[in-house]
Amino acid sequence: MTTAPTEDQTRAEDLPPSCRDLIGILAQTDRRDAFAALALGATSVAQVAERAGLRPAAAAVALQKLVDGRIAAYDADARTYRLIDDTFRLAVQAEVRISGRGGGDGAGAYFRKGRLTSIPGKAEVRSRVLAVVADSFEAGVTYSEAKVNAICGQWFDDWVTLRRALVDEDLLRRDESGTQYERV
């Protein structure tokens, strides 16, 4: 059994939500109302309930969804909530990185929460998806196999297949010994 590398690896729950995730979280009225109340300065369940016109139980559920979705944070010591400032900016940056500035090229459908969900079979889309991953490697830098595995593991659970795809698509070059890689 193959274990994913741990060097510099980021867990999915540490990544910011995607634009799709944010829309899904805010699709429900109670959550949008709780978000608005936090944006207007509410910090407790009671304040959110009052400002949003929600029952306290509904406000608490909505706030928990915002926290689970990494839109808001909860300070257990102070028993207060606050919006996480960078959430939307980071989601948009990731979306631009994944789908390209033109967007609509089909590559974005293969990413969720900043990670690759699968490697497309269609050559044209596969090339665009792998190009996004290849941007994680700097030209002119030599990477050890462990470092390549760690970077690929940040993108995809099956990092071996992803590494192989990058080599097969001539985006990474492996040396004769198979221990050093560099971006093509």
| said: Take residue 130 and tell me if it is in a helix (DSSP H, G or I) and either touching a helix residue (DSSP H, G or I) at 6+ places or on another chain (Cβ under 6 Å) or at pLDDT 90 or above (or both). | reply: yes
| field | Selection from region 79-90 of residues that are out of contact with any strand residue (DSSP E or B) (no Cβ under 6 Å at 6 or more places or on another chain) and either modelled with pLDDT of 80 or more or loosely packed, with under 15 Cβ neighbours inside 10 Å (or both) | value | 79, 80, 85, 86, 87, 88, 89
| message | Tally up the residues in region 34-44 that are over 14 Å from residue 87 (Cα atoms), outside any loop (DSSP other than H, G, I, E, B) and open to solvent by 50 Å² or more (accessible area, probe 1.4 Å), please. | response | 0
| task | Answer yes or no as to whether residue 56 is modelled with pLDDT of 85 or more, out of contact with any strand residue (DSSP E or B) (no Cβ under 9 Å at 6 or more places or on another chain) and under 30 Å from residue 34 (Cα atoms). | result | yes
| task | Report the residue count in region 145-184 for those that are in contact with a helix residue (DSSP H, G or I) (Cβ under 9 Å, 6 or more places away or on another chain) and assigned to a strand (DSSP E or B). | result | 6
| said: Please count how many residues of region 60-77 are in contact (Cβ under 8 Å) with a residue 12 or more places away in the chain and more than 26 Å from residue 90 (Cα to Cα). | reply: 0
| said: Of everything in region 102-124, what is modelled with pLDDT of 75 or more and acidic (Asp, Glu)? Give them in sequence order. | reply: 124
| field | Failed item, numbered, when residue 161 is tested on (1) modelled with pLDDT under 95; (2) farther than 30 Å from residue 63 by Cα | value | (1)
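The values are calculated or read from the model by the stated rules, or taken from the named source; none is laboratory data. Because the structure is a prediction, the values reported are computed rather than measured. Glycine gets a Cβ as well: all are built from the backbone with ideal geometry, and neighbour counts include every protein chain shown. Remember, those area values only see protein heavy atoms, side chains included, never the ligands or the DNA or RNA. Shrake-Rupley method; radii C 1.70, N 1.55, O 1.52, S 1.80 Å.
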